[in-house]
Every structure is written in structure tokens, then in C-alpha cells.
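The values are calculated or read from the model by the stated rules, or taken from the named source; none is laboratory data. Computed from a prediction, not measured in an experiment: that's the story for all the values here. Cβ sites come from the backbone with ideal geometry, for glycine too, and all protein chains shown count toward neighbours. Note: areas computed on protein heavy atoms with side chains; ligands, DNA, RNA excluded. Shrake-Rupley method; radii C 1.70, N 1.55, O 1.52, S 1.80 Å.
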Amino acid sequence: NSGVLPLLRPLLLDVVPTIQQTAALALGRLANYNDALAEAVVKGNILPHLVCSLSEQNRFYKKAAAFVLRAVGKHSPQLAQAIVQCGALEMLVIYLEDFDPGVKEAASWALAYIARHNSELSQAVVDAGAVPLLVLCIQEPEIALKRIAASTLSDISKHSPELAQTVVDAGAIAHLAQMILNPDAKLKRQVLSALSQIAKHSVDLAELVVEAEIFPVVLTCLKDSDEYVKKNGATLIREIAKHTPELSQLIVNAGGVAAVIDCIGSCRGTVRLPGIMMLGYVAAHSENLSMAVIVSKGIPPLCACLIEEHEDHIKAAAAWALGQVGRHTPEHARAVAVANVLPTLLAMYMDTRSSEDLQMKASIFTKRALKSILQKCTYLPALEPLLHDAPPNIMKHIVGQFSKVLPHDSKARRLFVTTGGLKKVQEIKAEPGSLLQEYINTINSCYPEEIVR
């Protein structure tokens, strides 16, 4: 407001190096504060001055200048685009070859903030020739430089398969995979994130990550004391498991399912989410893989998530995963039903139907999970308690299962009368000619007329 920006601009070209540095730092701190100030720096025509003064300077000025670019670029795609347009990318890429690790780090950081916005900006960073130099940076001895270079590779890879392929072609996977066992937690977070962003796009890219022999090494990350290392490790395994049954089988063979189940059991909150999703993806692929989740005792921790977690999206993910486990055969459905999941799912469904948007989504997942398990479940003791509470759209699936089992099982027929199930079926008001009415007629026809009356 006091008109400081235009006064700082000429100082960037001052003859005294410390004045240049201090002016750049001041601009960086102003731009870092919020997007309005960053915009003022761009509108004040300061970036061309900055680029102009970049060429033959000492390392302190280079770091300060890269800081200004990072501070401007982080706020929005439009501001990052302004940096690209003033020709600063080429300068930053030259900085990646500087002999001073601090300069490389500052340049890498600025490039990360530009690349993270969208695929066009990320492509601009790639076109400027940054990727091979970033791969060299992750091989440097300085931990801080390794961290930020891995993070930048992650930001470049995340937008599209083509961008991820560029990072792969530069040989990044092998170097990243070697750092999974590095003792530095912040570095591990970035390395796992970068590998996840590469693996998520396609089967081919996921296979390339697996071929770097990340299993079983990556499973140690699920026991890490750092929550984000755990979360990013589980995310990486999820991104690989989702593609094909073969990749999921490979994870199962490496002991990955058991490790993820332990991880879900040992933590709380959003750290659980990628692990929950991973179990759902594995179970969705085939009967055998779903059985692997059941045999590894995956159902109890998923049920625990339904009960313990308060966030709707975590509950919805757990419901979805249980639906994937239970949807294959009566045996799978029984394994889920025996764990007393169905009443919890039903209560969740009844609870979420009435409220906001996020819960609408949770409600859809819960309903799908309930239906997919119910349509396979022939274990009647688990179904019977639901007869008393279920709304009509769920009730037809429950009654439908009874109508399939009762005609062929005399013991179940006897039990159904003594527990009051048959009485409950007579109380259900069904539309004449509806599917529900047909199911009720089928059940009634298993019994003599006077018992039904």
C-alpha cells in the first residue's frame, strides 16, 4: 500500500550484491504472503528484472531469486504461467547444474511449485529439460536436495501417463526404489509419493515400478513410526494393486495383504484410507484374491473402521471394501456376515440417507455394499435380525435370500418359525405383483396353510 514494490524493483539491478539479495528476499517474502501480493509482484513488472539479473550472480542471490519465483508460482496456475512466460524456467534449469547444493535445492523447489498445478505447466518444466537434472539431484549426497528433487519428480508425474513416462525414461525409478530404505522419514515420504504418482497411471508403468524390486522392501514402510510414510507406502501398494489381478497376486505373494491389514489395525484416521482401498481393489479382482483377504483376517479391521471412524469417506471406503470381499460367492458373503457387519452397514445406510452431499456418497457406497453381500449371503442367522429394521429397497434382497434357501433346507424352515422370522414376513406390506410379494409367496408356500395363518 505504501508503494514499496516499485522502489524494490530497481534494487534488483543494484551494483552492491547484498542490496540485490536483500531486495529479492523482501520481494519473495511479500509474494509468499498471499496471492494478491504475488499478483502485485507480477503486475509490477518485477519478474523480467529478476530474470535479467539472474545470469552472473553469487549463490546467495541465486537462492533469493529462486525463492521469489517459488513464492509467486505457488499460489495459482495463472501466476505460475507468468513465470513461464517471462523465461525463468530456462534459468531455473541452469541452476539445477549449479555447484552449490542450496542453489539446486531452491531451483528444484521453484520448479515443483510450477509443475504441481496442471499438466500444461508440468509439460513446460519437462520441455525446459528439468527431468534428467532432477534425476541427477536425487543421487546427490545432501538429504534436503534429494527430498525436494523427489518431490518435484512426484509433482511432474502426477498429471498424465505421458509425463510419468518422461520421468521413467530419465531412469528415475531405479534411483527412487533404492531410497525406500533411507532412514530419513521426509525423504521416504517423497520417494513413495513419486513412485505412487508414476504407478497410478497404467498397468505398464505399475509393472515398471514393481520390476525395480520394491517388494518386499516397501512393506517395511507400513510399520514406520512416521504416519505419512505409512500412508504413502499404503498408497503406493494400492496404486499397483488396482490395475490387474496379476499385480494383486504378486502383492499377496509378497505378504502385502497381511502387512496392510496390520497397518490398518495399528493406526487411526486418514492414514487408514489407502490401506482400506487397497484391500477393496485386491478383493474386487477375483474369488481367490478376495479369499486371500479373508484368510489373512482382513474383515475384523475393516469392521473396526466402520465403527471407530467418524469421517464419512473413511466409513464409505470400508463399506465398499467389505462389499468387494463379500460379493463373490455365498462362502465369501458368509465370512463377512459372520463378523456381524450387516447390521452395522444397515444402520449406517439408514443414518446417512437423511443428510448432506458427502453423506449421500457414503450412502450410495453403503447401499451397494449391502446389496452385493446380501445377494450372495445364504447364512440365514446373520440375515434374520435385518428383517426387523430394513427399509423396503433393502428388504426385498433379504427376503429374496430366504426364498432361495428355505425351500431346500428343512432345519432352516423350522428355525425360521421358532425365531419369529415367518411372523415378521407376514407383517411386511408388499405391493401386489411386486418382486417382494413373489418372494413372500415362495416362503409361505414352504409351510402348511395353518402355520402361515
query = For the range 376-453, list the helices (runs of 4 or more DSSP H) that sit wholly inside it and hold at least 2 residues that are free of Cβ contacts under 8 Å to residues at least 40 places away in the same chain and buried (at least 17 other Cβ atoms within 10 Å of the Cβ); which are they?
reply = 392-405, 410-418, 421-427
note = Scanning the range 132-147 residue by residue, those part of a loop (DSSP other than H, G, I, E, B) and surrounded by fewer than 16 Cβ atoms within 10 Å (Cβ to Cβ) turn out to be Gln139, Glu140, Pro141, Glu142
message = I'm trying to understand the selection: among the residues of the range 264-276, which are open to solvent by 10 Å² or more (accessible area, probe 1.4 Å) and not hydroxyl-bearing (Ser, Thr, Tyr)?
response = Gly265, Arg268, Gly269, Val271, Leu273
ask   = Considering Leu195, Leu222, Leu205, which residue is closer than 15 Å to Gly275 by Cα, within 18 Å of the chain's Cα centre (by Cα), touching a residue at least 24 places away in the same chain (Cβ under 8 Å) and assigned to a helix (DSSP H, G or I)?
value = Leu222
ask   = How many of the residues making up the range 324-345 are among the β-branched types (Val, Ile, Thr) and surrounded by fewer than 18 Cβ atoms within 10 Å (Cβ to Cβ)?
value = 2
query = Among Ser108, Ser154, which is the only one that is surrounded by 22 or more Cβ atoms within 10 Å (Cβ to Cβ), touching a Ser or Thr at 6+ places or on another chain (Cβ under 7 Å) and within 16 Å of Ala65 (Cβ to Cβ)?
reply = Ser108
task = Could you check how many residues of the range 5-15 are over 14 Å from Leu54 (Cα atoms), among the hydrophobic types (A, V, I, L, M, F, W, C) and surrounded by fewer than 13 Cβ atoms within 10 Å (Cβ to Cβ)?
result = 1
note = Residue count, the range 286-303, condition in a helix (DSSP H, G or I) and buried (at least 17 other Cβ atoms within 10 Å of the Cβ), comes to 10
message = Looking at the structure I just gave you, is Glu239 in contact with a helix residue (DSSP H, G or I) (Cβ under 9 Å, 6 or more places away or on another chain), at negative phi and open to solvent by 10 Å² or more (accessible area, probe 1.4 Å)?
response = yes
task = Would you tally the residues in the range 38-58 being modelled with pLDDT of 90 or more and open to solvent by 60 Å² or more (accessible area, probe 1.4 Å)?
result = 2
key: Flag for Met395 being among the aliphatic types (A, V, I, L, M) and under 28 Å from the mean Cα position of the chain (by Cα)   = no
request  = Take His313 and decide whether it is open to solvent by 10 Å² or more (accessible area, probe 1.4 Å) and touching a residue at least 40 places away in the same chain (Cβ under 8 Å).
outcome  = yes
query = What number of residues in the range 136-151 are among the aliphatic types (A, V, I, L, M) and under 18 Å from Phe67 (Cβ atoms)?
reply = 4
